[in-house]
Every structure is written in structure tokens, then in C-alpha cells.
Amino acid sequence: MKKAIEIARWTAIITLLAVTALPCAAADSAVLRNGFAIRHERRQVIGTITRLYTSADNSSFVDIPTAEIDHFEELPAEAAPLEPKRLESAEDAAGSQSKLRAPAKTVQRPVDLNEVVEAASGTYHLDPDLVNSVIRAESGFNVRAVSPKGAQGLMQLMPRTASELGVQNVFDPQANVEGGTRYLRELLERYNFDLVKALAAYNAGPHRVEQYGGVPPYYETKAYVARIVRDYNKKLAAKSAAQPAAQKNSPSKSAPKHSPEAKPHKSIPQTQAKATPTQTSN
């Protein structure tokens, strides 16, 4: 009997360790130290960063410094509608009325980065993964970030740029991301959807890109462009790897192999996203 109890105890311990060692499988919310939140399907710790997978097929993810994550919260399930209780007496009715008069406490949940980025990306027809890569390079997802040159917020908008874009509060995540995404779209259109030039202009200004005919010969700008392109390419590779699996599981086989496809809206061609910032003129 003692031996059976001991075996059961060790089995429970091993099971617990195995479960805690696995990546998070349920939909959770990572609350950052700055109060921002990122909804994700699962997470994985890689060195000093935590990778948050924002899609079920692992094709989209965001890398966050682990030190910047305050805690994780389990996303609540949709609450079932409450059935009205039948009042049994006048006293119960009076008590119920007094409860109704009590001021309700409003619980302010952290702003969800996915919702903000998805909304702005949908408005300006950009890949949300690209916008996330820019935010990561610009501010590290710090809502209150301010650069030495005066750029502010998640997408580091300069005061003049923010004013031209109609962003009144640069520290409002929704307004900042909406303005930054719009500005990135305008730059892409200006440079015929050359991602490298658009990113260089976002960092150093369009006048510098036009002055040098490409990425300016500044170490900061070159490193900035390379960092975003590298991060975005990782996400494109993950999407490409997820597509064959999705096609394999798809029941539809009626489409011919070489059938012409409708052209998508003009956005970011993947071939241009894979370009490197070394092809610049000095």
C-alpha cells in the first residue's frame, strides 16, 4: 500500500512538471510592464525573449523581452446570460433596488495590441506582422517611449509628423498606431512599394532618402532597416511554412494547379520585403 501511494505521488509530480514545461496552449493575454497587453495562442521562451504566437497555426508571432512582461492572464470565456431571480418578498425587492443604485465599478482592461494593429492594418491594407515589426524596432512596445530626438509613442512619431497625421495624443496606443501605419502606407506609395526605401524614410526622413537615392549612409538607419526586414522575414517564412499544411488539410481539390489567381490589393510584395538594405547608393 505504501509503495502504491509513493508511486502515485511521484507520478503526480512528474505530470505537473511536464505540464508546466510545455508552452502555453490556451489563449492568454501577456500584460507588459507598461500596461499594454498582447493576446496570444501560446508562448515560448527563447533566451531573453518570449515569443508570443498570435495565430493558431503559429505563422504570426511577436518577440517581447521577457523582462518587459509583468504577468500573464487567462482570457475569460464569454459570460452566459444570467437568469433573473424571482423576488420572494418586499424586503428582497427593496434590497435588490439598493444594490441597483450602488455605483458600479468599471474595470479597465489593458489595451490589446492585436486589436489595435489589426484595425490599423486593415484600414491601410498592410500586413499586421510588418506593423508589429516596426513597433518592435521603434519602441519595443513601450507606449510612453520618447527618443532623444523627440519621437514619441509606440511608432515613434515626431511632433510635426503626428500633427500632420492628425494624431492629437501620441501616447494613446490606438491613435499612435493608426497614425504610424498611415504614414508607413504613404511612404510605401511614395517609393512604389519599395519596403527598404520606405523604412529608411520612416527612420531618417524622406528628404534623406531622396538626397542619397536610397538608404542614407547612416549606421543607425542601416541597422534599423536590417532589423525590421530580418524580423519581418522570419514571420513571412513562418507563414510560408504554414501554408502547405493548410493546403494539405483543405478538402477542396477542384482548382486547377496553374489556374490564374486574382491579384490582391497592392500592398507589400514579399520579394521586396526580402530585399536587403545593402543595395544602396552612397
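Each reported figure results from applying straightforward, stated rules to the coordinates on display, with no laboratory input. Since the structure is predicted, the reported quantities are computational estimates derived from the model, not experimental observations. A quick note on method: Cβ atoms are made from the backbone with ideal geometry, for glycine too, and the neighbour counts reach across all protein chains shown.
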Please give me the summed charge of the neighbours of G140: other residues whose Cβ is under 14 Å from its Cβ, Lys and Arg +1, Asp and Glu -1.
0
With a sphere of radius 12 Å drawn around the Cβ of A204, what net charge do the other residues whose Cβ falls strictly inside it have (Lys, Arg +1; Asp, Glu -1)?
+2
15 Å beta-carbon shell around G166, net charge (K/R +1, D/E -1)
-1
Spelling it out for F61: with amide H atoms placed in the peptide plane at 1.01 Å from N, the residues 5 or more places away or on another chain with amide H under 5 Å from its amide H are T54
Normalised contact order of region 23-76, rounded percent, pairs of Cα under 8 Å and 6 or more residues apart:
37 percent
Just to be sure I understand the model, the point goes 7 Å from the Cα along the line to the Cβ. What's the resulting N192 to Q44 distance in nm?
3.9 nm
In Hz, Karplus ³J(HN,Hα) per residue of region 177-183 (6.51, -1.76, 1.60; θ = phi - 60°; x = Gly, Pro)
5, 4, x, x, 5, 5, 5
Extending each Cα 7 Å along its Cβ direction at E164 and E118, get the distance between those two points in nm, one decimal.
3.2 nm
Near the amide H of G205, under 5 Å away, which other amide H atoms are found, from residues 5 or more places off or on another chain, if H is placed in the peptide plane?
none
Prolate/oblate/rounded call for region 23-76, Cα gyration tensor, a/c under 1.5 rounded
oblate
Please list 205-215, 179-189 highest first by mean number of surrounding beta-carbon atoms within 10 Å per residue.
179-189, 205-215
Can you give me the long-range amide H partners of R42? Hydrogens built in the peptide plane at 1.01 Å from N, cutoff under 5 Å, separation of 5 or more residues or another chain.
Y53
